[in-house]
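The values are calculated or read from the model by the stated rules, or taken from the named source; none is laboratory data. Since we're looking at a predicted model, the values are computed, not measured. Reconstructed Cβ throughout: ideal geometry from the backbone, glycine too, with neighbour counts over all protein chains shown.
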């Protein structure tokens, strides 16, 4: 099997980034792009600042709104003992029982769902025309 081609100049890893993998400019093309589209350096800097600000806002929203809910749902799914202790403090003093019915139901349903979406049919059939 031949080796994969080497990355070309201007490959993503060589590009400047402003935040977590977001590429803002491509090396060697900035001046041509600015002249071609009539964008001043000040306007480009304003665009970069706006993009960085929006990325920061999106990260903040994810960390404040989405991530806690994902963690909570995962704790319910895995029947985390600490989750139930926080939710039912008096009851957990009496018993260590946790409810795994949701987890068990999902685990029970997964094989059937896999059959529905990935069925018994062949994804690709190859049939020869002759004996060669």
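Odds and ends about this structure:
- Pairs are defined by a Cβ separation below 7 Å, a sequence spacing of at least 6 or placement on different chains, a first member in the range 60-86 that is closer than 22 Å to residue 107 by Cα, and a second member that is exposed (fewer than 11 other Cβ atoms within 10 Å of the Cβ) and modelled with pLDDT under 90; the pairs so defined are 79/99; 81/96.
- Checked across the range 103-112, the condition of being modelled with pLDDT of 75 or more, touching a helix residue (DSSP H, G or I) at 6+ places or on another chain (Cβ under 6 Å) and either loosely packed, with under 10 Cβ neighbours inside 10 Å or within 30 Å of residue 80 (Cα to Cα) (or both) holds for at least one residue.
- Meets criteria (more than 30 Å from residue 92 (Cβ to Cβ) and at pLDDT 90 or above) for residue 52: yes
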